[in-house]
Amino acid sequence: MSSNTFGKFFTVTTFGESHGPAIGCVIDGCPPGLSLAAAEFSRDLGRRATGRSRYTSQRREPDEVEILSGLYEGRTTGTPIALLICNNGQRSKDYSGIAQTFRPGHADYTYWHKYGIRDPRGGGRSSARETTMRVAAAVVARKWLLEHAGVRVRAYLAQMGELTPTAFHWAAVEQNPFFWPCQEQVPELEKNIDVLRRSGDSVGARVSVVADGMPPGWGEPVYGKLDSELASALMSINAVKGVELGDGFAVVTQRGSQHRDEMRPDGFSSNHAGGVLGGISTGQPLLASLAFKPTSSILVPGQSVNLAGEPVEVVTKGRHDPCVGLRAPPIAEAMVALVLMDHALRHRAQCGDVGPVEPRIV
Ligand code: EPS
């Protein structure tokens, strides 16, 4: 299986399956001298993990990182950083009932056709378990971005099914298990998830990501556009079916006079572009949104086929997420941070001697 490596200068290779002994990653290209300790991974890994509230999959495991290489006396040395997390929450018998069948709407079917063999336990490599290592790798990227460029990446749940926030406060986002920006609506979300769980079904979601502090100039025309690489990175997250940058699909009905972000000596008047023009950052906040599908591992019976091509009815039991978007903000932040880190180094390599140039209006 190829394409397990992400990035050009700051590369991340992940490995492992959901029900194998461990998952891990190798980060290559990290600048030397960054202080790093295993304890620094626990916050973001905990934000992403299953079993931290009753509204997500009830699989529970500590997700403790072991740093195998790339450090000397607590600082990165510029050599590959290998991270390992042991899996210890597997319950593979949950999957014995569907080992011979395909879940409708799941990668079970396409993996089977591509490889002629698949690990049915937890979906193997197609499991959202893999996103653990993206979040772990991004801890390194986020730290470097903050210390060296003042860049901060944050995400929140912007819609769950029909429900949208009635107010927005960043402070609320980390205070509830949904990453929801309006604390007053949390009881409503809890009720919705409880009803959904009882019905055995799942629901989709929108997650929005904002990166602040990025200077103008990151990104590369023509094939390495910042927005095209962000779209690719965000689309690679399990269950993502759509990505928008800035106003996204709303531009379809806009006029040029409305969409363009006018410039004044004291700054841009708006940010419809989402912080990217011509594939290069403007210096405004980067704005991206992701659409997560309602996941396919549900208790509602669905028609499918077995390995012999015979009709079967599939019910997926086990510990699944009624709304996978609830756990996705840290994963979306991670992918944005990894892209920005890669572009920060790429920009430094080619254009490190150029800037800053005037006028700078942000
Ligand atoms: C997942 C199924 C569940 C989730 C898992 C993603 O796991 P299991 O294979 O044990 O049934 O708990 O998510 C994680 C383990 C995780 O760490 O995110 C799936 O089908 O994608």
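Quick rundown of the values:
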item: Whichever residue in region 128-155 is among the small types (Gly, Ala, Ser) and surrounded by fewer than 21 Cβ atoms within 10 Å (Cβ to Cβ) and, among such residues, is nearest to VAL207 (Cα to Cα); result: GLY150
item: Residue check, VAL222 surrounded by fewer than 15 Cβ atoms within 10 Å (Cβ to Cβ) and assigned to a loop (DSSP other than H, G, I, E, B); result: yes
item: Residues that are part of a helix (DSSP H, G or I) and on the phi > 0 side of the Ramachandran plot, drawn from region 82-136; result: GLY122, GLY123, GLY124
item: In region 17-42, residue nearest to the chain's Cα centre (by Cα) [restricted to those that are within 13 Å of the ligand (Cβ to nearest atom) and not in a loop (DSSP other than H, G, I, E, B)]; result: ILE23
item: Residue satisfying condition, being surrounded by 12 or more Cβ atoms within 10 Å (Cβ to Cβ), over 25 Å from SER228 (Cβ atoms) and among the acidic types (Asp, Glu), within set ASP247, ASP321, ASP353, ASP261; result: ASP321
item: Subset of region 20-53 (residues that are within 28 Å of TRP180 (Cα to Cα) and among the hydroxyl-bearing types (Ser, Thr, Tyr)); result: SER42, THR50, SER53
item: Identity of the residue in region 264-303, crowded, with 21+ Cβ neighbours inside 10 Å and free of Cβ contacts under 8 Å to residues at least 60 places away in the same chain, that ends up nearest to the ligand (Cβ to nearest atom); result: GLY274
item: Matching residues, region 1-16, being outside any strand (DSSP E or B) and open to solvent by 10 Å² or more (accessible area, probe 1.4 Å); result: MET1, SER2, SER3, ASN4, GLY7, LYS8, PHE9
item: The lone exception for ARG118 - which of (1) at pLDDT below 95; (2) closer than 27 Å to ARG54 by Cα it fails; result: (2)
item: Number of the condition not met by SER202 [criteria: (1) under 22 Å from GLU130 (Cβ atoms); (2) surrounded by fewer than 21 Cβ atoms within 10 Å (Cβ to Cβ)]; result: (2)
item: Flag if ARG360 is open to solvent by 50 Å² or more (accessible area, probe 1.4 Å), closer than 16 Å to LEU145 by Cα and basic (Lys, Arg); result: no
item: Residues satisfying the stated conditions in region 81-126, i.e. within 14 Å of the ligand (Cβ to nearest atom), surrounded by 20 or more Cβ atoms within 10 Å (Cβ to Cβ) and within 20 Å of the chain's Cα centre (by Cα); result: ILE85, GLY122, GLY123, GLY124, ARG125
item: Flag for SER232 being within 16 Å of the ligand (Cβ to nearest atom) and either in a helix (DSSP H, G or I) or in contact with a Ser or Thr (Cβ under 6 Å, 6 or more places away or on another chain) (or both); result: no
item: Residues within region 43-70 that are away from the ligand (no atom under 14 Å from the Cβ) and either in contact with a Cys (Cβ under 6 Å, 6 or more places away or on another chain) or open to solvent by 10 Å² or more (accessible area, probe 1.4 Å) (or both), tallied; result: 5
item: Checklist (1) open to solvent by 20 Å² or more (accessible area, probe 1.4 Å); (2) away from the ligand (no atom under 16 Å from the Cβ); (3) closer than 25 Å to SER289 by Cα applied to ALA158, failing item; result: (1)
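The values are calculated or read from the model by the stated rules, or taken from the named source; none is laboratory data. This is a predicted model, so every value here is computed, not measured. All Cβ positions, glycine included, derive from the backbone under ideal geometry; neighbour counts span all protein chains shown. Keep in mind that these areas ignore ligands, DNA and RNA; they rest on the heavy atoms of the full protein, side chains included. Shrake-Rupley method; radii C 1.70, N 1.55, O 1.52, S 1.80 Å.
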